[in-house]
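*Asks:* One structure, as structure tokens, below. Some questions next.
The values are calculated or read from the model by the stated rules, or taken from the named source; none is laboratory data. Everything quoted here is computed from the prediction, not taken from an experiment. Here Cβ is always computed from backbone atoms with ideal geometry, including for glycine, and neighbour counts include all displayed protein chains. Only protein heavy atoms, including side chains, enter the accessible area calculation; ligands, DNA and RNA are left aside. Shrake-Rupley method; radii C 1.70, N 1.55, O 1.52, S 1.80 Å.
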Amino acid sequence: MMRPASRLCWLPALLLSITLAAPLSAEVKRIVIIKLDGVPEDVLEHELSRVDPITHKSTLPWMDRVFVQGGTRVDNFYVRAISLSTPSWSLLDTGQHLQIHGNAEFDRYTGHVYDYMNFFPFYLGYARSRRVDMPGVEVLDEQKIPLLIDRFPYPAVYQSFQLYQRGVRWDTLKDALPNRFSRGLRELFDEWTIGFGLSSTVEEQSERELIAKLNDPSIQYLDYFTGDFDHVAHTTADVASQRLALQRVDALIGRVWTAIQASPLAAQTVLAAVSDHGMNTQPGVYSQGYNLLRFFNSRAGGAHHVVTNRHPLDEFKLRGLDPFVSEVVTPSDESLYLKGEANNYPTALLDPDGNERASIYLRNSAYNTLHILLKEINRSGVNTSIRRAAIAAFLHVIDGHRTAWQATLDQLSEELGAVRRAMEQQRALVEAEPKKWTQEQRDAGLDKAARRLAVQLDSWRDEERTYSAYANALSKLLTLEPNDFEHRRLSAEELIPKRAMGEPNSVYDLENYVAGPAANGLVLAPGGSLDLARSFERVNYPPVLASLSVRNNVQAAVGSHPVDFLAMTIPKAAVTFPAGIFSNSEAPTEDPIWLYASEDKQAMILSRGNQLRYLPIRSLRQDAVDGSVHFETCALAPGFPLRIFEDENLAVPPADRPSWLNSWHSEPDWFRAIHQTMYSDGIIALHEQFLPPLLAQHSNDLDAAVLARFNQRRRRLAEPDFLIFANDHWNFNVRNFNPGGNHGSFLRVSTHAILLFAGGADTGVPRHQQVQEPYDSLSFVPTILDLIGMHGDAAKLPGRPIQEVLSRPSPNDTH
């Protein structure tokens, strides 16, 4: 029998506590969830209300019967944060605040790519016993956040293939593959050239298994994931094609509902259908693509060597079909000081996935300065005065960051020490595990729980190695003395960490970003020191990005400016608020979120606990010396970020809008006021998107606390410098500019998702009910938990349970 989990590995104890599982209510004994990727509420509503001229029924007859006539619809259900699959499903699968903020994330110190949506490396790693769960699940496990499926005993669940997947059911793949590969060689080759439709085959096999599992009364939780509609809608805005995709979903729901009715637990089963986001799709409009990668490669964009997690479109040749790629470097032909060094020293990381937004990580501007100066110091034939000034400037840059860098080094050294000690303990646990498992143990999930120990050990080994390399380079920088430059040639390889972005850039850094040496090289000031203002070529990113435009836009419905606004956080301690904005008791308690649309149209989203405030500002700047951030307040007018003031659907009278918008309000009050506006819950979603990572619960043991801090640091290092949001019908998907529709923004069309419930006779799920109260994705898990009787677990989650679904029907309302 497997030993109890150590204090460093909480998950096996959760999975194996079958006897401690919360008792189920008498009314609901089973939950079945249909997960529909990217199905928007408005498209679904249109098709539900459309009558088929032949059948005289809805074009979605099963969804109409099961959910419209026989269940409950939540009409105003929204993505809590950014409308991307990986963050959105994390909210729907956990009920907890975001810890994962994109479809791909990068570690600023190590360059590690969290490629959450790439299944192929996961399957290969699982086959080689190096993985157990999808990457997003591993991140949540490190933060000690359980999935909804983890709240049920291991033998009592059935999970389909999806982003937050635990384990791999090889039998499903084995049974699905013969249906796919039972054809001739020529047919297989033709299909390979255009891409296998393997996902549909696996989905079909998963459906067969799910329906079979419904006959087993011991199975309490089942889910099924399909990305069919999302794939079609990205490809085309054609109404007929999207209708066919929805009709396939409708038929699926009909088959599942029919199987539920024939199952032993029909009266006690709840069926839910939920989507993770909407889709910005409009007939007759092609989603227009803008190549941000090419911009950042260009001199105007900083001449960066750029890393993405996929090959860009212009490199989509045979190597672009490699499913195991998670890191691609696109060098800049215009690089000002790093030509030929793209693989070792990329200076920008770009995640454009999600299409309507992109995450931007830029190498810390100070590292660029140091790198440029070091090259000049080492250049043969350099003027002695220039060299002496460059050395002084090099040391001056280090001194300017010494306090912060030394604190990072001290903390990181402590954390790596805890990692090394944890590795020793974990190694003993792994070696003590059985080498073979009985079928009974496998059925209980003990083999997977044991493998998780080994996977965690491998992860710690990689982290110890890569973070130690970063710490060593930082230590060498901090111990440099002036005479070190005279004794030997100091190389960039030992002082500037390879593939590292370093600390996030400040507002000042982004407004004065060092992209390379000035055209005439380094320049001396009158006193013989280096003239830092004239020695470097710089980029002021906010106005440059906001002013990007195209000259040959041929669509009347699409504007010429691809960028809507930029968003980033600013440390609260740095912000100097003008007098009279609020009293001390009203001061924000969290870092403000800065939204930039232009020099004159900016805003801050301020927060204090559960209250938020929208503050219109202009001309935000950060002082180069003391780091203080200053701005001017201004009156609201049309065109400010999120365009709330002028939106006709804002539920505030026009005369009251200036005072209402510039006051503190609770999240529910904001939500009710703004959810039908063009940007729906954008203020709340931005607040969620930029919440700091949590410090995971831990024991009183010192090492456990330090390891929790290390995981929190790694989550913080995965945050970009800023986000760029696209204007309506623009997208940044540099791999394949989806012409149909896209998502990723806070536009209502992208954030408005679906949530539907239906239940058997004993479940109490109301029939023929439409819920108008707005809810977001944090409400899904607590509602499911309350339905099935896990009220204590539901009460610990931050979201509001949907009371309209939980209410009991009247005595006359029978199923």
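*Asks:* Among rounded, prolate and oblate, which fits region 497-582 when a ≥ b ≥ c are the square roots of the eigenvalues of its C-alpha gyration tensor, a/c under 1.5 means rounded, and a/b larger than b/c means prolate?
*Replies:* It is oblate, given that a/c is not under 1.5 and a/b is not larger than b/c.
*Asks:* Now for a separate question. Quick one: if you stick a label point 7 Å off each Cα along the C-beta vector at LEU702 and GLU773, how many nm between them?
*Replies:* The two pseudo-label positions are separated by 4.9 nm.
*Asks:* Using the beta-carbon distance between GLU433 and PHE324 and R0 = 25 Å, what value does 1/(1 + (r/R0)^6) give for FRET efficiency, to the nearest 0.05?
*Replies:* With a Förster radius of 25 Å, E is 0.30.
*Asks:* Further question: Just by accessible area at a 1.4 angstrom probe, what is the order of LEU691, LEU222 from largest to smallest?
*Replies:* Solvent-accessible surface, decreasing: LEU691, LEU222.
*Asks:* Given the C-alpha centroids of region 204-257 and region 76-93, what is the distance between them in whole angstrom?
*Replies:* For region 204-257 versus region 76-93, the Cα centre distance is 19 Å.
*Asks:* Could I ask something else about it? Out of the trypsin sites (Lys or Arg not before Pro) in region 510-578, which ones are loop residues according to DSSP with at most 10 other C-beta atoms within 10 Å?
*Replies:* ARG551
*Asks:* State whether region 85-124 is rounded, prolate or oblate according to the following rule on the C-alpha gyration tensor (a ≥ b ≥ c being the square roots of its eigenvalues): a/c under 1.5 gives rounded; otherwise a/b larger than b/c gives prolate, and the remaining case gives oblate.
*Replies:* Oblate.
*Asks:* Rounded to a whole number, what % of the accessible area of region 500-649 do carbon and sulfur atoms account for, probe 1.4 Å?
*Replies:* Carbon and sulfur atoms account for 50 percent of the accessible area of region 500-649.
*Asks:* Now a separate question. What is the distance in Å between the Cα centroid of region 94-133 and that of region 464-484?
*Replies:* Taking the Cα centre of each part, region 94-133 and region 464-484 sit 29 Å apart.
*Asks:* Could you state how much accessible area SER413 has, in square angstrom rounded to the nearest 10, with a 1.4 Å probe and all protein chains kept in place?
*Replies:* Surface accessible to solvent at SER413 totals approximately 60 Å².
*Asks:* Could you compute the FRET efficiency for ARG534 and SER585, with r as their C-beta to C-beta distance and R0 at 45 Å, rounded to 0.05?
*Replies:* E between ARG534 and SER585, to the nearest 0.05, is 0.45.
*Asks:* Another one. If you take the square roots of the eigenvalues of the alpha-carbon gyration tensor of region 527-682 and sort them as a ≥ b ≥ c, do you get rounded (a/c under 1.5), prolate (a/b over b/c) or oblate?
*Replies:* The shape class here is oblate.
*Asks:* Determine the share of region 408-492's accessible area contributed by carbon and sulfur atoms, expressed in whole percent, with a 1.4 angstrom probe. Walk me through the intermediate numbers first.
*Replies:* Working: 2070 of 4360 Å².
That fraction is 47 percent.
*Asks:* Once every DSSP H run of n ≥ 4 in the chain is given -39500 (n - 2.57) and the sum is divided by its residues, what mean residue ellipticity at 222 nm do you get, rounded to the nearest 500 deg cm²/dmol?
*Replies:* On the way: 27 runs with 294 residues, N = 815.
-11000 deg cm²/dmol, from helical runs alone.
*Asks:* Let me ask something else. Per residue, how much accessible area does the chain have with a 1.4 Å probe, in Å²?
*Replies:* Values: 32540 Å² over 815 residues.
Value for the chain: 40 Å² per residue.
*Asks:* Taking the Cβ of VAL51 as the center, what net charge do the other residues with Cβ under 11 Å away carry, scoring Lys and Arg +1 and Asp and Glu -1?
*Replies:* Summing Lys and Arg as +1 and Asp and Glu as -1 gives -1.
*Asks:* Given points 7 Å out from each Cα along the Cα-Cβ axis, report the GLU45 to SER598 separation in nanometres with one decimal.
*Replies:* If labels sit at GLU45 and SER598, their model points lie 3.2 nm apart.
*Asks:* State the label only: which of (1) 33; (2) 18; (3) 22 corresponds to percent of Cα pairs over 50 Å apart computed from the shown model?
*Replies:* Step by step, percent of Cα pairs over 50 Å apart for this structure corresponds to label (2).
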